[in-house]
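To start, the structure itself, in structure tokens.
What follows draws every value from the coordinates through simple rules; no lab data is involved. Every value quoted in this text rests on a predicted model; they were computed, and no experiment measured them. Note that we place each Cβ from the backbone using ideal geometry, even for glycine, and neighbour counts take in every protein chain shown.
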Amino acid sequence: MRIDLRMQSRRLVFAVLVCLTGLWPDGAVAQQASGKPIRIGQTLSLTGPLGQTGLTHKIVSEIFVEQLNQKGGLLGRPVEYVLLDDQSKADVARTLYERLITSDRVDLILGPYGTGAILASMGVAQRYHKIFIQNTLGIAEQATYEWHFAASLGGAEPQNTLPVKLFEAYGSTAHPPKTIAIVTSKFPSAQYMAQGTREVAKRVGVEPVLYLEYDFGTRDYGAIAARVKDTNADLLWVGALGVEGNQLLEALEKLGYKPPRHFYLYPSSGPLAVLPAADGALSLTSFEDGLPYTANPVSAEFARLFAERAAKAGLPYAHADSQAGNEYAGWQILTAAVTATKSLDDKALAEWLDKNEVETVLGKRDFGGKWHNSRTDYQQLRQVQDGRWVAVWPPEKATPGARLIAP
Amino acid sequence: MPHLTLLEQALISGILAGGLYGLLALGLSLSWGLLRLVNLGHFAMALLAAYLTWYLGTAFAIAPWWAGVAIVVAFFVYGVALHWVFMRFRVTEMGSMLITFGIAVIVESTIQTIWTADFRRYETALAGASFVVGALYVPMLNLAAFVVAALLAVLTWAWLRFATIGKALRACAEDAPIATAFGINHRALSFLLSGICAAYAGIAGVFIALIATLAPSEIWTWIGVVFAVVIIGRLGNPIGALAGGILIGVCEAMTMAVADPAWAPLVSFSLLIALLLFRPRWI
Amino acid sequence: MTRQRVLEIAGLAVAAAALVAFPALDVPAFYVSFLYMVFFWIAMATSWTILSGFAGYWSFGHAAFFGAGLYTSATLATKFGVPFLLTLPLAAGVAALLGSGIGFVVFRVQRLRGELFALLTISVTFVIAAIISNTAIDGGAGVNLMNVHLPEVFGSPTGTIYLLGLAMAALSLWAAWRIFRSRLGLGLLAIHDDEDVAEVKGVPTFRYKLAAFALSAGIAGAAGGVHAIYVGYVTVGETFEITVTMYPVVMSILGGARHWLGPALGATIVTGALYGFASGPEASLGRAGIALGLIVVVLLLPGGVMPGLIRLRHALRRAPDRVAPAPGLAAVPKQCPAQGATPVVALDCRGICKTFGGVQALKDVDLAVLEGEILGLVGPNGSGKSTLINVVTGHHRLDRGTIALAGARIDALPAHGIARLGIARTYQIPRPFNRLSVLDNVALAARFGPLARGRADAYAEAAHWLGYTGIARRADALPGQLNLHERKFLELARALAARPRILLLDEVLSGLNHTEIDAALDLIRDIRAGGTTIVFVEHLMRAVVALSDRVAVLNDGAVIAIGTPHETMREAEVVKVYLGKAHAS
């Protein structure tokens, strides 16, 4: 009886809201059939300035859920994916996670894309005690929620480990760089990594001869390019998001300058790979469409499906990359915990993940680092060679036959 | 202290960036100044033109200038149609902002639905080409955009200044009823002007396609700065729009050349505020 | 009437209680947060309207004030450990200070109206964003408020934030409503239409604009403070984003930017629509649908949704209540008795000089206007008649000389101060406030005139003078709907409603036909009979001779003759100047 009353009052409130705003939330009408689906909710930046990456993540999530349901779902129940558009805005992401948890009443959530959206929605997860698996947070130290788990491989101190890895890689070549020019977007994660790189560079004896920060959304790179050219450092390190790296490179090309060595932090994989001026560019990776990543059948199937779907969606560069791999790994981690614990209880899942490792397309994942990051930085360096990304560092994880090319 | 070549190079890129600002500002300035309609959809239409240029070029191998011709014609028609709506419903300055904001959202959605949110780049042989003058490099496509912006600005200015029809337009902007009393057909003229403004958005779009990487949300990144440019140059003043663009472009580039690029907006807009407060008659 | 009022108040109280108690109901927290977002945008849009919708100073940079408040709260709460609720008044204060600081400088520069003001606000946004982004306030890394403590009402921070949002929205709506119905609101609407005229009619424009700016910025700042804790992690990029600036504009115009409730309506519609289309596949197309709806609404309801609703209500209730003239009005005492035996100087101008860019418009003008007289001011075009009126009313500052009203210097006063001492004028080409009704136009003069009437009194006064000048039936019309004749009388009614001691008439007769002129002459005599001193500028000699007690002749910025009409018009110099000029033209 009591439950009925509550339901009624809820319906009444709901009806009032609908009248007030014309709002009709999805799935507010509960499904009652047997074999009730497990609902997993997520927001992505489907529109707005991060729309490109949001699209990649969306394709991956859809592939994963489809595969999962083909294999009999989760705990014998079908899985329903509830995807909302956060418009690349933190406040919208935050509101929509609250909707997913309290109104759509999803069973589990996965983190969104973008530093702002991730941190804003993590606060919601914390408030409702939901396990929060995210896959793209650049500033590891900001994720101070005990049930936070990072699917990515950067470890808890990427701002130190990444530059160390980079200088190590160049150190192995015939002429290691002696000077570095750092140019970074003021996007929080990029700037954070740039500052870390500057410190590490000083420590390992590479002189930072230029350190520039530009606004996220800078429209013209001509003057910045002129300074990069003017400095002519041995290594150009660009804290680039999306196509900012392309824009800087194109501006440099117009000045008749090609950096001898160059690195890009979070570039959009496709556009950079196909840009002729980007030949030899380095970047981070933890997954690519090719060996050694696709050595196991799950990864190979994922890469194949992604290529197929991306081409169908009309994406210009139809290959899986780190963004795609990270998202896939997030799903693998969440579902592995559910399968192992036979539970949808957030606490049980978190406790299990805390103690166990999960096999993902990125390799074996542990959460031994602070705030459930990976124990150490497992990421690789990749390089544009002949219009394709190939893994080049560390050598044991390099694409077969590929090695770091440097002057 | 940065040496001279760097400063000169930054100056060049500032001027050229200003050319692109000016090109985008031109149509906006004319419709705001002479028709009293604030067209927030201008940027969206420019980006749509850029996507069309890219699409026609990559899918049908149509050269940008031919695409440009088609776009200019189509956009002119759109401009006339838009103005018909404005006239039919007696839309005010405020209302025009809202309607064109709606148009911008619709165009953004359309672009995203057809071409996805992913980046699109129109690869052309000239993309990285430059003229080399001594130690300085002048990027070819940016220069072309600048030259076109300058040509359009000067021609439009001369047209408004010397041609009978242009003078009539200015008269209408100043006092439509009196102009009508002198036998000037205000309606026909405003249709023409609205068509021209839309066509200018199309031309700007062709150059955006050649110079920049395209994404649907780019529509919103230009609004702040181009609005500033339009107002600095005085509404309805084509030469002013270009000059305003160059002023902002050069300020930004020079700041980037001597200080941290992130300070660029601070310097250029502080200068603008000072100008507004102490020399308002310049603007 | 009182019964209805009681019902209204009871209804409001119930609605308020329901809103306050909403989070305590067993509803999904999302609806609580969603309503918070509605409140947030109501506050932002209302804030924009107070400055831009009412006063017409278009802010394209409300993100600047929002951001100033947001970062004040975020910084104080995270870096200085100030309890969060305490940071909110500070956030509002910092933003209000920023707004009034800008206003204090900007409103002194006459030209910075319209689009130049918009440009200024755009620029301020860029500058503030760059400062926050490049200094320790943010530095680019963003500010994380996840560990900021917030007292929990209804058992969760969501409830607290909801109540803060509700309070913010309610306060801003209350402020907008109060302003809308007060002198401040009427003054701001008049500033929107014609700032110079508003000042001359007694509106302290500088102070009013400053108040509107400070209040508007303060509300945006408070909204920013609350929003900081709502989002939990703030960055410069998202705080100063273009939509933060655009949405309040769109919402206000959609709802109706000249009504206190309009922006709230627009904000509710837009926010509801935005969250209604958040689901995956149709998100982008859904937004296109909203945009299309927006366009249709704007085309069909040009003034916004709110004025549309008001029109609908009026249509349903047939004709609205008319303001009837108060019965006791005729008994309002006149300020001065009829002319006495010894002439008293009412307005004394001595050695007035005024130069415009090298052209000396007034050269050492001495002119004493006697209490209760009608002084005709004649002279060829460009002789300085209008300039004289403009300096007397304080529209132009004097270069040299003094002006005294009943012995007290007024030449250093601002125009609205002079108006309040009882000097009123009409304009040769009528300059009514075009978006205020005829009745409001006149009532404004009464509210800001020397008697500073209250709301009800001012409307009664206005109705009286509309009847007096014979245009009472056009009370609800907009000035644009009047013919020239009616507009002239509106000018006159607006000047008279101030109950001036001295009335300056600038060519009230031009453009009128013979019968209209005769009627007007009678009216002017009648006004003087009421005790008002009149100075009138006129070209029509018949009227000057018929009406004036004395005539002053101006030529080339100097008074060349003064005396009774017949004497003065016979003086040789006057004949030369006046007839010579007349023949020449």
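A few notes on this one:
- Shape category assigned to the stretch B:129-283 from the gyration tensor of Cα positions, a/c cut at 1.5: prolate
- Near B:ILE111: Cβ cut-off under 14 Å, other residues only, Lys/Arg at +1 and Asp/Glu at -1. The net charge is -1.
- The eigenvalues of the Cα gyration tensor, multiplied by 5 and square-rooted, give the protein assembly as shown an equivalent ellipsoid with semi-axes of 64, 36, 26 Å from largest to smallest.
- Peptides C:23-34, B:55-66 ranked from most to least packed by the mean count of surrounding Cβ atoms within 10 Å: C:23-34, B:55-66.
- Between the amide H of C:ALA368 and those of C:CYS349, distances stay under 5 Å, these residues lying 5 or more places away or on another chain, with hydrogens modeled in the peptide plane.
- Reachable lysines from C:LYS209, criterion Cα separation under 21 angstrom, eight or more residues apart if same chain: C:LYS201
- Quarter of Cα convex hull surface for chain C, i.e. mean projection, nm²: 32.3
- Charge dipole of the stretch C:343-584 (Cα centre as origin; +1 on each Lys and Arg Cβ, -1 on each Asp and Glu Cβ, all else neutral): 620 debye, rounded to the nearest 20.
- Net charge of Cβ neighbours under 14 Å - reference C:LYS363; Lys, Arg +1; Asp, Glu -1: 0
- Shape call, the stretch A:42-134: gyration tensor on alpha carbons, a/c limit 1.5: oblate
- The 3J(HN,Hα) values that the Karplus relation (6.51, -1.76, 1.60; θ = phi - 60°) gives for the stretch A:206-211 are, in residue order, 9, 7, x, 8, 8, 9 Hz. Gly and Pro appear as x.
- Taking amide hydrogens as placed 1.01 Å from N in the peptide plane, the amide H of B:ILE62 sits under 5 Å from those of B:GLY57, each at least 5 positions away in sequence or on another chain.
- Sequence of C:ARG317, C:ARG487 once ranked by neighbouring C-beta atoms within 10 Å, starting from the fewest: C:ARG317, C:ARG487
- Multiplying the residue separation of A:ARG219 and A:LEU291 by 0.36 nm and subtracting their alpha-carbon distance yields 22.2 nm.
- Between A:ASN356 and A:THR144, the C-beta separation translates, for a Förster distance of 25 Å, into a calculated FRET efficiency of about 0.70.
- 3J(HN,Hα) along the stretch A:45-52, derived from phi through the Karplus expression 6.51 cos²θ - 1.76 cosθ + 1.60 where θ = phi - 60°, amounts to 7, 6, 10, x, x, 9, x, 4 Hz, with x in place of Gly and Pro.
- 5 angstrom amide H check on C:VAL345, placed H, neighbours 5+ away: C:GLU371
- Cut-off of 10 Å, at most 12 other beta carbons, DSSP loop: longest stretch of chain A lacking such trypsin sites (Lys or Arg not before Pro): A:179-341
- Prolate/oblate/rounded label for the stretch C:137-222 (Cα gyration tensor, a/c 1.5): oblate
- Note on C:LYS385: aspartates and glutamates with a C-alpha under 17 Å away, same-chain residues under 8 apart excluded, are C:ASP348, C:ASP364, C:ASP366, C:ASP399, C:ASP506, C:GLU507, C:GLU538, C:ASP556.
- Spin-label model, A:LYS364 to B:GLU174: label points 7 Å out along the Cα-to-beta-carbon direction sit 8.4 nm apart.
- For chain C, the residue among C:ALA463, C:LEU261, C:VAL442 whose Cα projects farthest onto the positive side of the dipole built from Cβ charges is C:ALA463.
- Under 28 Å from A:LYS89, Cα to Cα: lysines that are on another chain or at least 8 residues apart: A:LYS58, A:LYS130, A:LYS186, A:LYS312, A:LYS370, C:LYS79
- Length gained when the stretch C:ALA10-C:ASP522 is fully extended (0.36 nm per residue, less Cα-Cα span): 179.0 nm
- One chain, two ends: C:ALA572 and C:ARG181. Fully extended at 0.36 nm per residue, the span grows by 135.0 nm beyond their Cα-Cα distance.
- Distance between the C-alpha centres of the stretch C:516-551 and the stretch B:48-95: 61 Å, rounded to the whole angstrom.
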